[in-house]
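Shown next, in structure tokens, is the structure this report addresses.
The values are calculated or read from the model by the stated rules, or taken from the named source; none is laboratory data. Predicted model, so just to flag it, every value in this text is computed and none were measured. Cβ placement follows ideal geometry from the backbone for every residue including glycine, while neighbour counts extend to all protein chains displayed. Just so you know, the surface numbers come from the protein's heavy atoms only, side chains and all, with ligands and any DNA or RNA stripped out. Shrake-Rupley method; radii C 1.70, N 1.55, O 1.52, S 1.80 Å.
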Amino acid sequence: MNGHRLFTALDLAGTFAFAISGAVAARDRGLDWFGVVAIAFAVACGGGVVRDVCIGAVPPVGLTDWRYLAAALAASLLTISAHAMVVRISHPVIIFDSIGLALFAVTGAQKTMILGHDAEAAVLLGVVTAVGGGVVRDVLLNRVPIILRREIYASAALVGAAIEVAGERLGWLSIGRTWVAVASCFALRCLALRYKWSLPRFSGGDDSP
């Protein structure tokens, strides 16, 4: 699989994963079918749209390539029609959100480099691509965004994007560095959830969730 096909496959996989997380969260909030689809699409493409606008890749691919809408619709229909199967996975929103986070951190950095931007921009926009969908989901569902809580979330995306960019600069094989970056981001996120790791915070803050 060449670099372009790998990028497209990972980007669509991330779109599907984030759409599942958005659809499950919307369904759990009691939204109707249209609301589920709308949230799923916004979550799946929100970060990518922001990235594309920032790097001048307009109109954004999430709004012009039918495959992204199709991925979001497929995720929504799966959640609506086979919700019992989806919820058998422990904490489905967290799992699919973590998968989407890892995939989008890497593809966001990749696309930024492909369009000729420097390493700093690639890392930052990799993070933006990864966390944007989760922020959109939480804001639309009236929840405190994950990146504002005491969780390793944006930091995990930062690690994944940084590995992808560093690997490209060091001449690592494309497929190898991509999977290392994706696995590192996903593993860090899962380990942080499992062992309740969090970033340091100022003392005297409100402990309420």
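Values for this structure:
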item: ARG27 being surrounded by fewer than 23 Cβ atoms within 10 Å (Cβ to Cβ), over 23 Å from ILE175 (Cβ atoms) and touching a His at 6+ places or on another chain (Cβ under 9 Å); result: yes
item: Top-ranked residue in the range 87-100 [being assigned to a helix (DSSP H, G or I) and β-branched (Val, Ile, Thr); ranked as farthest from THR8 (Cα to Cα)]; result: VAL87
item: Failed item, numbered, when LEU103 is tested on (1) part of a loop (DSSP other than H, G, I, E, B); (2) under 17 Å from ALA44 (Cα atoms); result: (1)
item: Residues being surrounded by fewer than 23 Cβ atoms within 10 Å (Cβ to Cβ) and over 17 Å from GLY167 (Cβ atoms) - total across the range 93-123; result: 6
item: From the options VAL86, VAL49, residue that is open to solvent by less than 60 Å² (accessible area, probe 1.4 Å), in contact with a Gly (Cβ under 9 Å, 6 or more places away or on another chain) and at negative phi; result: VAL49
item: Residue that is most open to solvent (accessible area, probe 1.4 Å) [pool: residues in the range 52-68 that are in contact with a Leu (Cβ under 9 Å, 6 or more places away or on another chain) and within 21 Å of ASP118 (Cα to Cα)]; result: CYS54
item: Condition met for ALA162 (out of contact with any strand residue (DSSP E or B) (no Cβ under 8 Å at 6 or more places or on another chain), open to solvent by less than 10 Å² (accessible area, probe 1.4 Å) and modelled with pLDDT of 95 or more); result: no
item: 3 or more residues touching a residue at least 12 places away in the same chain (Cβ under 8 Å) and charged (D, E, K, R): qualifying helices (runs of 4 or more DSSP H) within the range 115-209; result: 154-169
item: Residue check for ASP138: open to solvent by 50 Å² or more (accessible area, probe 1.4 Å) and among the acidic types (Asp, Glu); result: no
item: Selection within the range 165-180 - of a type in the set (Val, Ile, Thr) and either closer than 14 Å to GLY126 by Cβ or surrounded by 15 or more Cβ atoms within 10 Å (Cβ to Cβ) (or both); result: VAL165, THR178, VAL180
item: So ALA71, is it modelled with pLDDT of 90 or more, surrounded by 22 or more Cβ atoms within 10 Å (Cβ to Cβ) and in a helix (DSSP H, G or I); result: yes
